[in-house]
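These notes concern the structure reproduced below.
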Amino acid sequence: MKHKMNEDTLKVRDEPDGLDFFYGHRSQAMKMIEFIQSVAPIKYVQSKELVTQDSVNMTYDYKYSFSVEMSPICKDDIVCIPPKVIAFFGGANPLLICTKITANVHLLDPLTLKTYELNATQYWRYGFMPLISAAAMVEYTVMDLELVGPEHGRYALADVDVQKSEELGSGETYTIRTHLGRVLQPGDSVVGYDMSSAAFNENDLIGMKNKELPYAILIRKHYPDRKKKKRSWKLKNIEMEQEDDGGFKPTKKEQMEEDKKAEDYERFLQELEEDKEMRQQIDLFRDPTYDPEAAMDEVDDEAPPEVGLEELLDTLNLDDGEEV
């Protein structure tokens, strides 16, 4: 929406396996695909169906369909790259963290701070999947931290003593090497993946070559006491068609899916607050109902990062007066 790629979209339909976008002309659909290619690793196939034909005038109308598949790897996922990718990177460690998804897949080795990239063509050539994703993260508490040397950009190598937060005071302490030396302090909470108890398919670990899995891989600082409070900003959303439920009460499964969507959306908003680079790709608007004085009462020394007012755009209004 920031790039006005939604202007030619007739409608968007929410489907179980993704989103369907509808356009009046094939060129408009191709324009959308080209845009998605510029921001994410994708591949697509095209098909066409004859709708009408005029044999006298030799004219034909076709309906074109494009099936677009995006890389399943997301920010904060762990990947175990296969041997061919290890060789392509010149001998990288197999376990890497996805730090960002653009037109390329950006990967980081948390043990050396080396960074790697795969463009869309390279990624789909190898086609590996995430080993473990954000839903499996667990919370740890930092007991002690020691910087151990190399620094690169916003990262610094450190050995961190951690305990699982749910076992704090009674659980075992483990020392983890991590890239988060600049952001963590003793007493902080951090989320990561418990690699020691996770169950993996043997084929998913083909790149490990009998190497031992680490106890855990830490991903980012966590704010466990984060309160859901009124934000000074809001997002503009595309209205999507939903399947008519006939007025029936949602089933337990459907309600769980809706709750999961709400949790994912809240996590997305939190990521926007924590990642300034990510915010540059999205328009954030001032919320006219926000009360700065009331927000002052909620100040917390350990509060997570917030969006600065200078980053917000004025609230838009449609011609009919509807607020966006």
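Filtering segment 109-131 to residues that are surrounded by fewer than 19 Cβ atoms within 10 Å (Cβ to Cβ) and within 13 Å of L218 (Cα to Cα) leaves D109, L111. Please tell me if Y193 is in contact (Cβ under 8 Å) with a residue 40 or more places away in the chain, surrounded by 17 or more Cβ atoms within 10 Å (Cβ to Cβ) and assigned by TED's automatic domain parsing to the domain that holds C98. Criteria met by Y193.
The criterion of being of a type in the set (D, E) and touching a residue at least 24 places away in the same chain (Cβ under 8 Å) holds for D14. Looking across segment 141-155, the residues that are in a strand (DSSP E or B) and under 24 Å from the mean Cα position of the chain (by Cα) come down to T141, H152, Y155.
The single residue among T9, T112 that is in a loop (DSSP other than H, G, I, E, B) and over 27 Å from V138 (Cα atoms) turns out to be T9. One residue stands out in segment 62-98 among those that are surrounded by fewer than 16 Cβ atoms within 10 Å (Cβ to Cβ), closer than 24 Å to D194 by Cα and not hydrophobic (A, V, I, L, M, F, W, C): the one that is farthest from the chain's Cα centre (by Cα), namely P83. I need every pair where a residue in segment 168-185 that is assigned by TED's automatic domain parsing to the domain that holds D144 has its Cβ under 6 Å from the Cβ of a residue that is assigned to a loop (DSSP other than H, G, I, E, B) and surrounded by 13 or more Cβ atoms within 10 Å (Cβ to Cβ), sequence separation at least 6 or different chains. So the pair list comes out as Y174/Y215; R177/L111; T178/P110; H179/P110; H179/L113.
If the condition is being in contact with a helix residue (DSSP H, G or I) (Cβ under 9 Å, 6 or more places away or on another chain) and either basic (K, R) or at pLDDT below 90 (or both), then segment 138-155 contributes no residue at all.
Every residue, every condition in (1) outside any strand (DSSP E or B); (2) touching a Ser or Thr at 6+ places or on another chain (Cβ under 7 Å); (3) not assigned by TED's automatic domain parsing to the domain that holds I206, yes or no:
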residue	(1), (2), (3)
Y44	no, yes, yes
T52	no, no, yes
V56	yes, no, yes
Y64	no, no, yes
K84	yes, no, no
G90	yes, no, no
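The values are calculated or read from the model by the stated rules, or taken from the named source; none is laboratory data. Since the model is a prediction, treat every value here as computed from it, not as a measurement. So basically every Cβ, Gly included, is an ideal-geometry build from the backbone, and we count neighbours across all protein chains shown.
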